[in-house]
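The structure under discussion appears below in the form of structure tokens.
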Amino acid sequence: QVQLVESGGGLVQAGGSLRLSCAASGRTFSNYAMGWFRQAPGKEREFVAAINWSNRNTYYANSVKGRFTISRDNAKNTVYLQMNSLKPEDTAAYYCAGKPGYSSSYAGGYNDWGQGTQVTVSS
């Protein structure tokens, strides 16, 4: 069983930045892909970004490409989501997720989930 704990959410004005962190414990971080998803009230959970364990491959939703950056520190068992140029439509609960093997944009493919951290962007 893997425990994932997100942090770093908060309230920010449009155009601002936040960095989310997700710390993993309970298993080795190698060969373990990580993803970020988000869910706004009344909407389905959607893919934001993902990264393979090697750090060589990253993937982004079109809506965040060029503004968000996913990275990971395998020595610290932590994955990050740097969010710049935030927009009100980025407001959502953000969840990190993990799975063995390669990353995916499909939420159902992830085994482990954090509890979420709220990001609110004011206009």
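The values are calculated or read from the model by the stated rules, or taken from the named source; none is laboratory data. This is a predicted model, so every value here is computed, not measured. Here Cβ is always computed from backbone atoms with ideal geometry, including for glycine, and neighbour counts include all displayed protein chains. In case anyone asks, the SASA skips ligands and DNA or RNA and just uses the protein heavy atoms, side chains included. Shrake-Rupley method; radii C 1.70, N 1.55, O 1.52, S 1.80 Å.
Where does region 1-52 land on the Kirkwood hydrodynamic radius, alpha-carbon pairs, in angstrom?
Every distinct Cα pair counted, the radius reaches 13.2 Å.
Go through region 117-123 residue by residue and turn each phi into a ³J(HN,Hα) via Karplus (6.51, -1.76, 1.60, θ = phi - 60°); whole Hz please, and just put x for glycine and proline.
Taking θ as phi minus 60°, the curve returns 9, 7, 10, 10, 10, 8, 8 Hz for region 117-123.
Using mean Cβ contacts within 10 Å as the protection proxy, how do 68-78, 33-43, 5-15 order, highest first?
Result, highest mean Cβ count within 10 Å first: 33-43, 68-78, 5-15.
Give me the lysines in straight-line cross-link reach of LYS65: C-alpha distance below 18 Å, same-chain residues under 8 apart excluded.
Correct list for LYS65: LYS87.
Of all accessible surface on the chain at a 1.4 Å probe, what whole percent is carbon and sulfur?
On the chain, the fraction of accessible area on carbon and sulfur atoms equals 47 percent.
I want the local charge near ALA40. Using Cβ-Cβ distances under 15 Å, sum +1 for each Lys or Arg and -1 for each Asp or Glu among the other residues.
0
Express the relative contact order of the chain as a whole percentage, based on alpha carbon pairs under 8 Å and six or more residues apart in sequence.
36 percent
Could you tell me how many cubic angstrom of Cα convex hull volume the chain has per residue?
Considering the Cα atoms of the chain, their hull volume per residue is 90 Å³.
Less than 19 Å apart at the alpha-carbon level, and either on another chain or at least 8 residues along: which lysines does that give for LYS99?
Reachable lysines: LYS76.
Given H placed on each backbone N at 1.01 Å, which residues far from LYS87 in sequence or on other chains put an amide H within less than 5 Å of it?
GLY15
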